[in-house]
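Written below as structure tokens is the structure these notes are about.
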Amino acid sequence: MSDVKLRTGPNGRFLVLDPTLNTTRTPSVIEVATGKAWTLPAYVGVQGFSPDGRLLRVVLDMEETAVYRPGGAVPSGGVTVTGWSALAPDGATLAGAAREGSRVVVRFYATANAMESRAPVRVKVSSPEEPRMLTWDSSTRLTLLTYDEPRTYVARSVSARTGSARIVDRFTLGRHTWDVHLAGD
């Protein structure tokens, strides 16, 4: 099982069986209610879903992030996103969060043309914390999860317009925990 990732989209509409990239096995997307299945090429890996679960965020050749609509054409190109990425609810925007100096910067890219679609926002995050996951909650809010060595995670609700953030959760892992799997990771 370490060679296959099993992903379930929001609301459980799609199930994805995603083997290690560039193996002889290929990713499969299954619509749970109907049993319809689609096979993706071996160079495509599934990274996640849109917030409503109807679109998939995929990576092509471990380089470009793109949007795939199950049953539609497999994208031939995408966006090079730095850091942890997330697909907006409308499928038209990808956001990417990465540390740039003393701040975490969230950049926004149009999926239609792979260009930055607007000015990035800067999120104040203490220097030992590094981005670990990014998700869209609505068209105007994101959740940024950061990790502070050795064991603390911090979740922030971030305005996609201004970068203002507030901590919504913080948790510390026990010192004997060594293998962490985050939902959606």
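The values are calculated or read from the model by the stated rules, or taken from the named source; none is laboratory data. Worth saying up front: this structure is predicted, and the values here are computed from it rather than measured. As a convention, Cβ positions derive from the backbone with ideal geometry for all residues, glycine included, and neighbour counts pool all protein chains shown. Protein only, heavy atoms only, side chains kept; ligands, DNA and RNA dropped before computing areas. Shrake-Rupley method; radii C 1.70, N 1.55, O 1.52, S 1.80 Å.
Odds and ends about this structure:
- Test result for Y153, modelled with pLDDT of 95 or more, open to solvent by less than 30 Å² (accessible area, probe 1.4 Å) and of a type in the set (S, T, Y): no
- Subset tally (residues that are out of contact with any strand residue (DSSP E or B) (no Cβ under 8 Å at 6 or more places or on another chain) and in contact (Cβ under 8 Å) with a residue 40 or more places away in the chain) for segment 73-94: 1
- Test result for R175, touching a strand residue (DSSP E or B) at 6+ places or on another chain (Cβ under 7 Å) and basic (K, R): no
- Qualifying residue in segment 111-118 (condition: buried (at least 17 other Cβ atoms within 10 Å of the Cβ), in a strand (DSSP E or B) and either in contact with a Pro (Cβ under 8 Å, 6 or more places away or on another chain) or β-branched (V, I, T) (or both)): no
- Cβ separations smaller than 9 Å between residues 6+ apart or across chains give the following pairs from segment 113-125 residues that are more than 21 Å from G101 (Cβ to Cβ) to residues that are charged (D, E, K, R): A114/E64.
- Near pairs, Cβ below 7 angstrom, 6+ apart or cross-chain, from segment 152-175 (closer than 21 Å to S117 by Cβ) to any residue that is open to solvent by 40 Å² or more (accessible area, probe 1.4 Å) and hydrophobic (A, V, I, L, M, F, W, C): V158/A165
- Among the candidates G174, G184, residue that is modelled with pLDDT under 95, out of contact with any helix residue (DSSP H, G or I) (no Cβ under 7 Å at 6 or more places or on another chain), surrounded by fewer than 17 Cβ atoms within 10 Å (Cβ to Cβ) and at positive phi: G184
- Checking each residue in segment 95-108 for being farther than 21 Å from Y153 by Cα and either touching a residue at least 40 places away in the same chain (Cβ under 8 Å) or not in a strand (DSSP E or B) (or both) picks out only F108.
- Scanning segment 130-164 for residues that are assigned to a loop (DSSP other than H, G, I, E, B), over 14 Å from P120 (Cα atoms) and of a type in the set (D, E, K, R) turns up D137, E149, R151.
- Residue pairs whose Cβ atoms lie under 9 Å apart, separated by 6 or more positions or on different chains, with the first residue in segment 60-72 and part of a loop (DSSP other than H, G, I, E, B) and the second loosely packed, with under 14 Cβ neighbours inside 10 Å, are D61/N22; M62/N22; E63/T80; P70/K36; G71/K36.
- Subset of segment 44-102 [over 21 Å from P27 (Cβ atoms) and open to solvent by less than 20 Å² (accessible area, probe 1.4 Å)]: A88, A95, G96, A97, A98
- So R122, is it modelled with pLDDT of 95 or more and farther than 19 Å from S50 by Cα: yes
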